[in-house]
Amino acid sequence: MCGIVGIVGKEPVAPLLVDALKRLEYRGYDSAGVATVDHGHMDRRRAEGKLINLEKRLKEEPLAGTIGIGHTRWATHGVPNEANAHPHFSGDVAIVHNGIIENFWELREELIADGYQFSSQTDTEVVAHLVSREIRNGAAPVEAAHNALKRLRGAFALAIMFRGDDNLIIGARNGPPLAVGHGDGEMYLGSDAIALAPFTDTITYLEDGDWAVVRRGEFAIYDMDGNPVHRAPQKSVGTAFLVDKGNHRHFMEKEIHEQPEVIAHTLSNYIDFSTMTIKPLKSKIDFSAINRLAISACGTAYYAGLISKYWFERFARLPVDIDIASEFRYREMPMAKGDAALFVSQSGETADTLASLRYCKNQGMTIGAIVNVRGSTIAREADAVFPTLAGPEIGVASTKAFTCQLSVLAALTLRAAEKRKTLSPEQVRVHVQALIEVPRIASQVLHLEDQITRVARELANVKHVLYLGRDTNFPLAMEGALKLKEISYIHAEGYAAGELKHGPIALIDENMPVIVIAPHDHIFEKTVSNMQEVAARGGKIILITDEKGARLSTVETMETIVLPDVPEFVAPIIYALPVQLLAYHTAVFMGTDVDQPRNLAKSVTVE
Ligand code: F6R
């Protein structure tokens, strides 16, 4: 995924580049690097691991220069080490890259045959050599970059700088986002508006196939044929302040605790409190006119979508086709023109989700996007945007974005039910009332943290965990397992409780904790039967339920976490909190890097 930045400025740029990279670290943190040109001389500093290592390097060996490029890496080709860290140099060319050059192997062979040597295992280095070869063959820098870009296949956002020219950076985009920032006698390039927020609030997004010539005080954008193109500048909503952890140990902890507030904030965008109805949506999606809804997303956002399938089908009688985006995009699903598709994404940049969106758009569907980052590519390409107002989510493991996505999806379900007349106005009001109560109940759930921490202490000693749930608690079980494995590295699986006997029950023994998410709902007794099956085989049950469920479960548990009573409709939003806290505290006991777990990145802009 990687984050890239470039500055053609007036002051020494190295500290500014590092500041911008701090805001991009969510895109990857395997290594980082910056390069500058100072009076014609080009130099770089790179370091393996987190940005802090690069900062140390720069303290020991500062870099001068008022023009520079920077990079924070999420490894695709080649291990995370200094040699593979960007910027990559070739001759007079320096390059930073986000994405994957798909034809890199063929280009690499061609360049090796032409005498070029590779000092990294990255796909990026071929681009540096290609541009450099063009210059060797007599092309001027801009022409050299353009010629090289035409040879590339795949996904890329690039910034290219040249030794001897301290007034030129070339940017290019095909897939991953790239924006030009407009300064006063200074210009910037960055993977997103947040990276550029301290410098400028006016940005121009490049579109796929665009490349830009950026100089101090001016820039021009071209298509791949070299024709000038106009892209309208926009005011960005990125915050200039780096979000901090406050009194919390980790961003994830802070973000879990912010949920009552951000859910309330999100709901207030959709609910008319005076009438207790869902506000009319200024959207092109007419829920009364569609026969089917397609939903696609990745990871946690996909689980939010999966929970909403139960809601849309149950309350709005609207059939939902849902798939993870990496499958959806290649599944060639038949779509009816005029039907609607919803895409759920915190970042609004996830490559597979974006590709699925474009597939549906080409099929003539109306596109809705539930996104947390306004101005993101998915938001910009959708016909209707339904924002989650979770604020910046920094912890790699998604928490508050998930519950805000659920809140928006719940509101959309009620709107659809109202339009399709599958719920009476009175029934809608009752459900809206339930939603309004969510922030208050969510704060009560956070008071259970001590008990959850005790359970987490036990979980930190095991190798495998099974999560079970039925109905909307089945996707939540999968979300619980995902959360646990991604930050604690404990292997976990989420299963539909009724599916246990078809295979996974073979795993149950006294060493296997089984976390059952089972509020006292319409299907509670069925889940109790599945718990009996686990208990009969010596499995240790951790039950997350409500008072009635605790009273009626009749199964011996290792621990029962009792949540306040909530209407069944909103239960998945509330039950998400103990699931997140369990994963968080287990990871803290394990001593892992909670906010930046190994091998992951916050924004996944590669396939
Ligand atoms: C897990 C997590 C990921 C994301 C997924 C989609 O905690 O955060 O599974 O949910 O990568 O990302 P977005 O929502 O940005 O499209």
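Filter region 330-357 down to residues that are more than 13 Å from the ligand (Cβ to nearest atom) and part of a loop (DSSP other than H, G, I, E, B), then give me how many there are.
10
Return the residues of region 15-31 that are surrounded by fewer than 24 Cβ atoms within 10 Å (Cβ to Cβ) and either more than 19 Å from the chain's Cα centre (by Cα) or not assigned by TED's automatic domain parsing to the domain that holds ALA179 (or both); say none if nothing qualifies. Break it down stepwise before answering.
At the first step, the residues of region 15-31 found to be surrounded by fewer than 24 Cβ atoms within 10 Å (Cβ to Cβ) are 15-16, 18-19, 22, 25, 30.
Answer for region 15-31, where residues must be surrounded by fewer than 24 Cβ atoms within 10 Å (Cβ to Cβ) and either more than 19 Å from the chain's Cα centre (by Cα) or not assigned by TED's automatic domain parsing to the domain that holds ALA179 (or both): PRO15, LEU16, VAL18, ASP19.
Scan region 279-305 and report the pairs whose first residue is in contact (Cβ under 8 Å) with a residue 12 or more places away in the chain and assigned by TED's automatic domain parsing to the domain that holds ASN372 and whose second residue is among the β-branched types (Val, Ile, Thr) and in a helix (DSSP H, G or I), with Cβ atoms within less than 7 Å and a gap of 6+ or a chain change.
SER296/THR353; ALA297/THR353; CYS298/THR353
Are any of the residues in region 421-433 closer than 20 Å to ILE561 by Cβ, part of a helix (DSSP H, G or I), in contact with a strand residue (DSSP E or B) (Cβ under 8 Å, 6 or more places away or on another chain) and away from the ligand (no atom under 16 Å from the Cβ)? Outline the logic, then answer.
Step one: list which residues in region 421-433 are closer than 20 Å to ILE561 by Cβ, which gives none.
Within region 421-433 (the criterion being closer than 20 Å to ILE561 by Cβ, part of a helix (DSSP H, G or I), in contact with a strand residue (DSSP E or B) (Cβ under 8 Å, 6 or more places away or on another chain) and away from the ligand (no atom under 16 Å from the Cβ)), the answer is no, since none of the residues qualifies.
Restricting attention to region 284-329, which residues are within 12 Å of PRO475 (Cβ to Cβ) and more than 16 Å from the ligand (Cβ to nearest atom)?
LYS309, TYR310, TRP311
Got at least one residue in region 485-501 being more than 25 Å from VAL588 (Cβ to Cβ), crowded, with 24+ Cβ neighbours inside 10 Å, free of Cβ contacts under 8 Å to residues at least 60 places away in the same chain and not small (Gly, Ala, Ser)?
Within region 485-501, the first condition is being more than 25 Å from VAL588 (Cβ to Cβ), and the residues that meet it are 495-501.
Those left that are additionally crowded, with 24+ Cβ neighbours inside 10 Å: 497.
Right, trim to free of Cβ contacts under 8 Å to residues at least 60 places away in the same chain and you get 497.
Filter again for not small (Gly, Ala, Ser), leaving none.
No, because not a single residue in region 485-501 is more than 25 Å from VAL588 (Cβ to Cβ), crowded, with 24+ Cβ neighbours inside 10 Å, free of Cβ contacts under 8 Å to residues at least 60 places away in the same chain and not small (Gly, Ala, Ser).
Could you identify the single residue in ALA144, ALA128, ALA172 that is of a type in the set (A, V, I, L, M) and part of a strand (DSSP E or B)? I'd like the intermediate steps shown before the answer.
On the way: ALA144 fails: part of a strand (DSSP E or B); ALA128 fails: part of a strand (DSSP E or B).
Result: ALA172 is the single residue among ALA144, ALA128, ALA172 that is of a type in the set (A, V, I, L, M) and part of a strand (DSSP E or B).
Rundown of residues vs (1) within 14 Å of the ligand (Cβ to nearest atom); (2) of a type outside the set (A, V, I, L, M, F, W, C); (3) at negative phi, yes/no style:
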{"position": "ALA379", "(1), (2), (3)": "yes, no, yes"}
{"position": "PHE386", "(1), (2), (3)": "yes, no, yes"}
{"position": "GLU393", "(1), (2), (3)": "yes, yes, yes"}
{"position": "LYS400", "(1), (2), (3)": "yes, yes, yes"}
{"position": "GLN405", "(1), (2), (3)": "yes, yes, yes"}
{"position": "ALA410", "(1), (2), (3)": "no, no, yes"}
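Within region 120-132, can you find the residues that are crowded, with 21+ Cβ neighbours inside 10 Å and touching a residue at least 24 places away in the same chain (Cβ under 8 Å)? Can you show your working first?
In the first step, residues of region 120-132 are kept if they are crowded, with 21+ Cβ neighbours inside 10 Å; the result is 122-132.
Hits for region 120-132 are THR122, ASP123, THR124, GLU125, VAL126, VAL127, ALA128, HIS129, VAL131, SER132.
The values are calculated or read from the model by the stated rules, or taken from the named source; none is laboratory data. The model shown is predicted, which means the values in this text are computed figures rather than measured ones. Every residue, glycine as well, gets a Cβ built from its backbone with ideal geometry; the counts of neighbours run over all protein chains shown.
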